[in-house]
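The values are calculated or read from the model by the stated rules, or taken from the named source; none is laboratory data. For clarity, every value in this text was computed on a predicted model and none was experimentally measured. Neighbour counts run over all protein chains shown; Cβ positions are idealised from the backbone, glycine included.
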Amino acid sequence: MKVRRVRTYVPGLDEILYGGIPERNVVLLSGGPGTGKSILAKQFLYNGLTKDDEAGVFVALEEHPVSVLRSFAHFGWDITRFEKEGKFAIIDAFTSGIGSTAQREKYVVKDVDNVGELVDVLRQAIKDTSAKRVAIDSVSTLYLSKPAAARNVVMMLKRVIAGLGCTAVFVSQTSVGERGFGGPGVEHAVDGIVRLDLDEIDGTLYRSIIVWKMRDSKISMVRHPMDITDNGIVVQWDKYLRITPHSAEIKPLPKEEVEAVKKAIEEETKETGEQEKEEEEE
């Protein structure tokens, strides 16, 4: 059966995912500080709004809602108009309802340790906006003090999100130099893992991205160079980054792999067009 995919429209990312994220998948964006995880999560939502007219919900666990809006605006992503149209919502799980700004927020989680409350607010926000995309930044905040509960927390969120027909990205924090993804419970609970890294080699920093797993999808099996530009994240999908303890080298992908990716994207674009045409006719 053909798997329906959600295009991220992040330059180069759909290519290394061979067409996009399978619909209703929950994907972990893992990495250390400064690797671009939060930017990628916001880019995923903004692109959904502007490219596919898909509503979105952003769960702010580590940023004030005002800071969230400012970070969107930093890349020229005008998210406020979608808020006014009821197509985008920020869930404030940061302020606990304290402060004048929080008093004006429609979706507030007052007890962040109460995952049940977060789930209820999230469910309501998704229904109110008819959201198709969700981003949580960062999900690791919910279980840092109680790692044994990590899997249950992720599964609770996943059931609601997938059950309501949404595709989601969960930001997961790791320490500098740590190569894990957020704990064994989390890694097995999610459908996909995308790892973002920032490596220092001989005094130079190299950004890279690698898809570690993606349920129901073929994926690129190499590490790709990545840049954070004024317009967001750009993945060099037709190149790979070879890193050793003392050197880093960016090399082109073999021609046959490049052609295979191009074919997958063409087929996905054609399939999406046919599905949209059928839906319009219905």
Review point. Residues in region 210-226 that are buried (at least 17 other Cβ atoms within 10 Å of the Cβ), among the hydrophobic types (A, V, I, L, M, F, W, C) and either farther than 18 Å from LYS251 by Cα or in contact with a Gly (Cβ under 8 Å, 6 or more places away or on another chain) (or both): how many?
Key: 3
**Study point:** Exclusive hit being farther than 30 Å from ARG242 by Cα, modelled with pLDDT of 90 or more and small (Gly, Ala, Ser), set GLY165, GLY192
**Key:** GLY165
Check your understanding: Quick one: in region 110-135, which of the residues that are free of Cβ contacts under 8 Å to residues at least 40 places away in the same chain and among the acidic types (Asp, Glu) is surrounded by the fewest Cβ atoms within 10 Å (Cβ to Cβ)?
Key -> ASP113
Practice item. Take SER175 and decide whether it is under 17 Å from SER30 (Cβ atoms), assigned to a loop (DSSP other than H, G, I, E, B), at pLDDT 95 or above and more than 17 Å from the chain's Cα centre (by Cα). Key: no
Practice item. Looking only at region 109-125, decide whether some residue is within 20 Å of the chain's Cα centre (by Cα) and part of a loop (DSSP other than H, G, I, E, B). Key: no
Check your understanding: Out of region 54-87, which residues are basic (Lys, Arg) and over 20 Å from LEU118 (Cα atoms)?
Key -> ARG70, ARG81, LYS84
Check your understanding: Which of the residues spanning region 234-266 are in contact with a Lys or Arg (Cβ under 9 Å, 6 or more places away or on another chain) and either hydroxyl-bearing (Ser, Thr, Tyr) or in a strand (DSSP E or B) (or both)?
Key -> LYS239, TYR240, LEU241, ARG242, ILE243, ALA248, GLU249, ILE250, LYS251, PRO252
**Study point:** Positions within region 12-35 being under 13 Å from LYS218 (Cα atoms) and among the acidic types (Asp, Glu), in sequence order
**Key:** ASP14, GLU15
Revision key, fill the gap. For region 29-75, the count of residues that are surrounded by fewer than 22 Cβ atoms within 10 Å (Cβ to Cβ), among the hydroxyl-bearing types (Ser, Thr, Tyr) and more than 25 Å from LEU205 (Cα to Cα) equals 2
Check your understanding: Can you tell me which residue in region 233-276 is surrounded by the fewest Cβ atoms within 10 Å (Cβ to Cβ), limited to those that are more than 16 Å from VAL10 (Cα to Cα) and among the β-branched types (Val, Ile, Thr)?
Key -> THR244
**Study point:** Residue in region 84-95 that is out of contact with any helix residue (DSSP H, G or I) (no Cβ under 9 Å at 6 or more places or on another chain) and either farther than 21 Å from GLN124 by Cα or free of Cβ contacts under 8 Å to residues at least 40 places away in the same chain (or both) present
**Key:** yes
